[in-house]
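Q: One structure follows; several queries about it will come next.
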Amino acid sequence: LYIYQYDKDITGKDGVFPFPDKDGSPFEIVDFTYSVSRHGVPMISATIKAPYSLLGKWNHRQFVMFRGARYNITEIPSLKRTSTNGYEQYEVQMYPEWNVVTKTYFYDVVDSTVADSAEKYYSDSTSVKFFGTLTEFVARLKASFKKSGIYYGVEIKNTLLGDERVNEVKEFTGDNMTLLDALKKAFEVWGVPFYYDGGTFVFGFYKNDL
């Protein structure tokens with residue numbers, strides 16, 4: 001893994017550069033651990049040893065790329081110790097960019113800009129009592145993402161699912177769920193798995209599951 005950072009170039013334009021020296025090579029993380037929490041969120045953790053000082057260089061704008069996805073270093077890494085040879089040792093944790101869905105409530109709302117969006121009951125709160133199809137529920141998810149200012153897509157790829165499953169009417173209820181909780185419960189209710197793919201949460205079978 002290599003650490004990169006968001007910064008500005010000499011003209012003031014935003015860009016991606018190596019960390020810590022924009023004009024040098026990116027810092028390499030040789031050993032790391034990949035794990036998944038009980039909430040279903042993956043995390044990468046590592047203990048790194050830097051032969052030069054990184055104090056004051058961390059600013060929440062660092063990230064790594066892993067399996068085609070961006071993992072952000074959202075917390076300033078803690079300096080554990082400095083060895084006798086001058087190496088600094090840090091504990092680093094990296095989370096996927098979509099980690100925000102574990103911290104944001106799911107609101108039972110509709111998007112007024114979508115035709116026929118308000119035909120069914122909606123609570124306009126975090127108390128959800130929904131009765132309908134997965135297709136209709138995805139519209140509720142999209143509206144909740146929009147309400148919270150989270151600009152990820154939600155869609156269904158039903159090529160291998162068939163119309164019967166995604167259009168089967170089911171009951172979905174819950175209180176004070178996060179967006180991730182709502183996605184996971186939708187899987188339980190309709191039996192359609194979901195995965196994250198480049199800015200979009202997709203209900204369907206991932207290519208590796210086939």
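Q: Show the residues, 5+ positions off or on another chain, whose built amide H is closer than 5 Å to the amide H of Ile156.
A: Phe203
Q: Leaving out ligands and nucleic acids, note down the accessible area per residue over the chain with a 1.4 angstrom probe, in whole Å². All intermediate terms of the calculation are to be shown ahead of the outcome.
A: Working: 12180 Å² over 210 residues.
Accessible area per residue: 58 Å².
Q: Another one. Would you please give the residues with an amide H less than 5 Å from that of Arg70, counting only those at least 5 places away or on a separate chain, with H modeled from the backbone geometry?
A: So Arg70 has HN proximity to Glu97.
Q: Just order 124-131, 51-58 by mean Cβ neighbour count inside 10 Å, highest at the front, would you? Show your work: numbers first, answer last.
A: Numbers: 124-131: 14.9, 51-58: 13.0.
My ranking of the peptides, most packed first, is 124-131, 51-58.
Q: Right, here's the next one. Can you list residues whose amide H is under 5 Å from Ile29's amide H, if they're 5+ apart or on another chain and H is modeled 1.01 Å from N?
A: Answer set, sorted by chain and number: Tyr2, Ile3.
Q: Label point 7 Å out from Arg67 along Cα-to-Cβ: which residues of region 1-39 have amide N under 17 Å?
A: Answer for this model: 1-2, 32-39.
Q: Right, here's the next one. Could you tell me what fraction of 2.2 N^0.38 Å the Cα radius of gyration of the chain comes to, as a two-decimal ratio?
A: On the way: Rg = 21.1 Å, N = 210, 2.2 N^0.38 = 16.8 Å.
Relative to the rule-of-thumb radius for its length, the chain sits at 1.25.
Q: Given the peptides 170-180, 89-99, 13-23, arrange them by the average over their residues of other C-beta atoms within 10 Å, most packed first.
A: Numbers: 170-180: 15.9, 89-99: 18.0, 13-23: 13.6.
Top to bottom by mean Cβ count within 10 Å: 89-99, 170-180, 13-23.
Q: Rounded, prolate or oblate: which one fits region 117-200, using the alpha carbon gyration tensor with axes a ≥ b ≥ c (rounded when a/c is under 1.5, else prolate when a/b beats b/c, else oblate)? If you can, show how the numbers build up before the last one.
A: Working: a/c = 1.57, a/b = 1.13, b/c = 1.39.
Since a/c reaches 1.5 but b/c is at least a/b, the shape of region 117-200 is classed as oblate.
Q: With a cap of 16 neighbouring Cβ atoms within 10 Å, and only residues DSSP puts in a loop, list the trypsin sites (Lys or Arg not before Pro) found in region 65-114. Intermediate values should be presented prior to the final figure.
A: On the way: sites: Arg67, Arg70, Lys80, Arg81, Lys103; in loops: Arg67, Lys103.
For trypsin sites (Lys or Arg not before Pro) across region 65-114 that sit outside H, G, I, E and B with at most 16 neighbouring Cβ atoms in 10 Å, the list reads Arg67, Lys103.
Q: Multiply the residue separation of Thr11 and Ser53 by 0.36 nm, subtract the distance between their alpha-carbon atoms, and state the gained length in nm to one decimal. Show your work: numbers first, answer last.
A: Working: separation 42, 0.36 × 42 = 15.12 nm, distance 2.71 nm.
Separation in residues times 0.36 nm, less the Cα-Cα distance, equals 12.4 nm.
Q: Still on this structure, please answer the following. On the accessible surface of the chain, probed at 1.4 Å, how many percent belong to carbon and sulfur atoms? Provide the component values of the computation, followed by the final result.
A: Values: 5830 of 12180 Å².
Carbon plus sulfur share of accessible area: 48 percent.
Q: Let me ask something else about it. Taking only Cα atoms, what is the 0 to 90° angle, nearest 10, from helix 134-147's long axis to the longest principal axis of the chain?
A: 50
Q: Dipole of the chain, Cα-centred, from +1 at each Lys and Arg C-beta and -1 at each Asp and Glu C-beta, to the nearest 20 debye? Numbers along the way, then the final one.
A: Values: 24 positive and 27 negative charges, 93 e Å.
About 440 debye.
Q: So, one more: What are the ³J(HN,Hα) couplings of region 42-53, residue after residue, when phi is run through the Karplus curve with 6.51, -1.76, 1.60 and θ = phi - 60°? Round to Hz, x for glycine and proline.
A: Per residue, the Karplus-derived 3J(HN,Hα) values read x, 8, 10, 10, 7, 10, 10, 10, 9, x, 9, 6 Hz.
Q: Also, I was wondering about something else. Return the distance in nm (one decimal) between the two label points of a simple spin-label model at Tyr195 and Lys129, each offset 7 Å from Cα along Cα→Cβ.
A: With each label placed 7 Å out from Cα toward Cβ, I get 3.7 nm.
Q: Please tell me the relative contact order of the chain in percent, rounded to the nearest whole number, where contacts are Cα pairs under 8 Å and at least six residues apart.
A: Values: 378 pairs, mean separation 30.0, N = 210.
Taking the mean separation of contacting Cα pairs over the length of the chain, I get 14 percent.
Q: What does the helix-only formula give at 222 nm for the chain: each DSSP H stretch with n ≥ 4 adding -39500 (n - 2.57), the total divided by the residues, and the result rounded to the nearest 500 deg cm²/dmol? Spell out each step's value before the answer.
A: Numbers: 3 runs with 30 residues, N = 210.
Rounded to the nearest 500, the figure is -4000 deg cm²/dmol.
Q: As I understand it, the value is the acute angle between the Cα axis of helix 179-190 and the longest principal axis of the Cα atoms of the chain; what does it come to in degrees, rounded to 10?
A: In the chain, helix 179-190 runs at an angle near 40 degrees to the longest axis.
Q: Considering the options Pro42, Phe32, Tyr95, tell which one lies farthest towards the positive end of the dipole of the chain, charges being +1 on Lys and Arg and -1 on Asp and Glu at the Cβ, about the Cα centre.
A: Toward the positive end, the furthest listed residue is Phe32.
The values are calculated or read from the model by the stated rules, or taken from the named source; none is laboratory data. Nothing here was measured: the structure is a model prediction, and the numbers come from that model. As a convention, Cβ positions derive from the backbone with ideal geometry for all residues, glycine included, and neighbour counts pool all protein chains shown. All accessible areas refer to the heavy atoms of the entire protein, side chains included, with ligands and DNA or RNA removed. Shrake-Rupley method; radii C 1.70, N 1.55, O 1.52, S 1.80 Å.
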